[in-house]
């Protein structure tokens, strides 16, 4: 679990400290914290997370209010943390896209157990489908518009990475370090060449990609619904 990245959003510093301490004891090494909705949104727009613990009662905007905004940038599971425990509150939370709802006061060990259980259930996903693109990780097969396409190994790994983290922005250095597993030393040609090769295989029109989007000056993201053209 050492590479799992978690964001905890709560305006109570004692809760942030408690959860951070316990999660780190359980070998979750990469944990960010935010006190406000604004800080949480900024972090979600600039980093990728595997799970988000989100307080409902924040000083600037409610967790209910920003949950849909977070959903625009990430498909990471969201657990609400809140003292609001009515059935209506819980239903509202799930309706907004939450994956779990934990009422305060809570046992922090229970929170950790729920986090582990959720990550464990979703770590072994073997099939992805985004529009006309299908990826079967058991067989290693990729089909586009119902036709099987052959991908070089590194291009396949790049596609698989994007499938795991749709709608999230990654810089060239992040992609190189995550997909190639090596330190990025400033040479971005490798990433660009593989992005181009992947577009040729999965896009109807590689010159106007709908899935693998360039965000000029920032990097790339995999648009899950294929509704947008490349940024200019």
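The values are calculated or read from the model by the stated rules, or taken from the named source; none is laboratory data. Because the structure is predicted, anything quoted here is derived from the model rather than measured. Positions of Cβ are backbone-derived with ideal geometry, glycine not excepted, and every protein chain shown enters the neighbour counts.
Restricted to the range 54-76, and to residues there that are crowded, with 20+ Cβ neighbours inside 10 Å and in contact with a helix residue (DSSP H, G or I) (Cβ under 7 Å, 6 or more places away or on another chain), the residue that is farthest from residue 164 (Cα to Cα) is 58. When each of 153, 117 is tested for being without any contact (Cβ under 8 Å) to a residue 60 or more places away in the chain, closer than 23 Å to residue 99 by Cβ and surrounded by fewer than 19 Cβ atoms within 10 Å (Cβ to Cβ), the lone residue that passes is 117. Only residues that are over 18 Å from the mean Cα position of the chain (by Cα) and at positive phi: list them for the range 91-141, please. Selection gives 131, 140. If you filter the range 105-114 down to residues that are without any contact (Cβ under 8 Å) to a residue 60 or more places away in the chain and surrounded by 14 or more Cβ atoms within 10 Å (Cβ to Cβ), you find that the one that is farthest from residue 51 (Cα to Cα) is 106.
Just wondering, is there one or more residues in the range 24-33 that are assigned by TED's automatic domain parsing to the domain that holds residue 99, at pLDDT 90 or above, surrounded by fewer than 17 Cβ atoms within 10 Å (Cβ to Cβ) and part of a loop (DSSP other than H, G, I, E, B)? Scanning the range 24-33, I find no residue that is assigned by TED's automatic domain parsing to the domain that holds residue 99, at pLDDT 90 or above, surrounded by fewer than 17 Cβ atoms within 10 Å (Cβ to Cβ) and part of a loop (DSSP other than H, G, I, E, B), so the answer is no. Could you tell me which of the residues 196, 207, 173 is without any contact (Cβ under 8 Å) to a residue 60 or more places away in the chain, surrounded by fewer than 19 Cβ atoms within 10 Å (Cβ to Cβ), closer than 26 Å to residue 50 by Cα and outside the structural domain of residue 51 (by TED's automatic domain parsing)? None of the others qualify; the one that does is 173. Here is a check on your reading of the model: is residue 156 outside any loop (DSSP other than H, G, I, E, B) and modelled with pLDDT of 90 or more? In short, yes.
Determine whether the range 136-150 contains at least one residue that is surrounded by 19 or more Cβ atoms within 10 Å (Cβ to Cβ) and either assigned to a loop (DSSP other than H, G, I, E, B) or in contact with a helix residue (DSSP H, G or I) (Cβ under 6 Å, 6 or more places away or on another chain) (or both). For the range 136-150, residues surrounded by 19 or more Cβ atoms within 10 Å (Cβ to Cβ) and either assigned to a loop (DSSP other than H, G, I, E, B) or in contact with a helix residue (DSSP H, G or I) (Cβ under 6 Å, 6 or more places away or on another chain) (or both): absent. Being in contact with a helix residue (DSSP H, G or I) (Cβ under 6 Å, 6 or more places away or on another chain), touching a residue at least 24 places away in the same chain (Cβ under 8 Å) and more than 25 Å from residue 76 (Cβ to Cβ): is that true of residue 179 here? No; evaluated as a whole, the condition is false for this residue. Here residue 161 meets each of (1) surrounded by 14 or more Cβ atoms within 10 Å (Cβ to Cβ); (2) over 17 Å from residue 130 (Cα atoms); (3) touching a strand residue (DSSP E or B) at 6+ places or on another chain (Cβ under 9 Å) with one exception, condition (2). Filtering the range 133-152 for residues that are in contact with a strand residue (DSSP E or B) (Cβ under 6 Å, 6 or more places away or on another chain) and at pLDDT below 90 leaves a non-empty set.
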